[in-house]
Amino acid sequence: MDGFASMGIKTGTPVFVRFGRVATMDCISEALNAEVTILLVGKRLGLASDDSMSAYMAYQSSPQKPESQRTVISNIYRNGLYPVEAGAQMIHITECMLQTHASGISLKV
């Protein structure tokens with residue numbers, strides 16, 4: 001949150017959804033009229049590491065947009081991408097999304 005503030009990016013109040021799915025971000029984004037939505041997903045079954053996290057990001061996320069419009073940062077954990085580095089990537093990618101009005105395969109970073 002401090003990183004976003006230092007870049008002048010306004011953030012809303014974080015929302016916690018227990019047992020939420022990735023598509024949950026579409027409904028939240030639409031309800032809040034968010035320009036960029038970031039969903040942090042923790043422990044997921046079937047992964048090699050059960051303490052890994054992923055960040056799903058989308059510009060103007062909505063149920064009408066295809067999965068290909070999501071940007072994903074995965075393998076966030078102590079033996080993968082360090083959380084502080086993932087945070088820096090989220091800030092950079094958010095800046096790119098706000099500048100280009102795009103995410104997912106439409107975003108060229």
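Each value in this text was obtained by applying a stated rule to the coordinates, not by laboratory testing. Just so we're clear, the structure is a prediction, and the values are computed from it rather than from any experiment. FYI the Cβ positions are ideal-geometry reconstructions off the backbone, even for glycines, and counts take in every protein chain you see.
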Task: Dipole of the chain, positive end: most advanced residue of Gln99, Thr24, Gly87 [Cβ charges, Cα centre] - done: Thr24
Open item on the list: Using a Cα-Cα cut-off of under 27 Å, which lysines could be cross-linked to Lys108, ignoring same-chain neighbours fewer than 8 residues away?
Closed with: Lys10, Lys65
Task: Inter-site label distance for Ser68 and Thr100 at 7 Å from Cα along Cβ, in nm - done: 1.5
TODO: Determine the shape class of the range 1-93: with a ≥ b ≥ c the square roots of the Cα gyration tensor eigenvalues, call it rounded for a/c under 1.5, and otherwise prolate if a/b is greater than b/c, oblate otherwise.
DONE: oblate
TODO: Name the long-range amide H neighbours of Ser103: under 5 Å, sequence gap of 5 or more, or other chain; modelled H, no Pro or chain starts.
DONE: Tyr59
TODO: Taking the Cα centre of the chain as origin, work out the dipole magnitude from +1 charges on Lys and Arg Cβ and -1 charges on Asp and Glu Cβ, in debye rounded to 20.
DONE: 180
Task: Packing-based ranking, highest mean first, of 97-106, 78-87 given that Cβ atoms within 10 Å are counted - done: 97-106, 78-87
TODO: Compute the length gained on full extension between Val109 and Val15: take 0.36 nm times their separation in residues and subtract their Cα-Cα distance, giving the result in nm to one decimal.
DONE: 31.1 nm
